[in-house]
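Computed from the coordinates by the stated procedures, all read-outs in this text should not be read as laboratory data. Just so you know, these numbers come straight off a predicted model, no measurement behind them. As a convention, Cβ positions derive from the backbone with ideal geometry for all residues, glycine included, and neighbour counts pool all protein chains shown.
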Amino acid sequence: MRDRERGRGRERVPVVVQTRGRRRAGGRVLWACAETFVTCGVLVLLLVVHQLWWTNQQARAEAREQVSVLEREWGEWGISPSGGGEVEGGDVEGDAGVAVEGGLPAVVPPRESRAPSASSRPPSSRTPPAPDSRAFAILRIPRLGLTVPVARGVSKRSVLDKGYVGHYPGTAGPGLPGNFALAGHRNTHGEPFRYVNRLREGDRITVRTRERTFTYRVDQVLPQTAPRDVGVIQAVPRSLVKPSYGYSRPGSYLTLTTCTPEFSSAYRLVVWAKLVSW
């Protein structure tokens, strides 16, 4: 009896551990995670390609088409693209209210202004008001090989994202006393102002309207300032952040603004030019 009990005590019950199913389940989870990461990577890559390549292609094509439309219309009207005459600036005063749209400073029409005297006023472009989506001028910067349409307003959707350059509301018209202030993308959506940092004093910039072509020459470059430094687009432009940049006397100015550094909207890059002929 004792031997039998001892034998029974020595008997062991076999235990079967099934690991194949667990391994398969773990493999499926890892595979699903890998597929998810790959899919996310492809989507991010496609988004980057869309932003950095496709938006540029679309915007540049639309901008080129708009330039062609304007030149064709002006040609049918028999309008000469050039004029002549030297100018030393006008006499404009007034305070402008400020708003911010699309990450860029924008101004509203000045509350008060004094018209310049007839003797100091260059010929008016007399370009009728146009909707944001309709360009009214052509900006050319030979050093950069840039030709781009100019539309009213600085809305991203209806102006800047089309590859156009936007005219700040409330600032002077092309060729007129005051400050003809423009904004453009530094990167993506045609990026017309990507290389404005390469402009140097004396470089020529032209603005063609329905009536004539105005010529400006680059005078100052402000490499970096705050996004809300609206002094740079006032009638007499001067940086509120870096007062050593800008002007103290009325004149006929052209201002180009864009984001800096590249692929960032942390700061603004500003280029100023003076009207020299029309």
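Quick rundown of the values:
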read-out: Residue list for the range 218-236, given a label point 7 angstrom along the Cα-to-Cβ vector of Ala266 and an amide N cut-off under 13 Å; value: 224-227
read-out: Ranked packing of 219-232, 265-278, 172-185, most packed first, by mean Cβ within 10 Å; value: 172-185, 265-278, 219-232
read-out: Summed side-chain charge close to Tyr195 - residues other than Tyr195 whose Cβ falls under 11 Å, Lys, Arg +1, Asp, Glu -1; value: +2
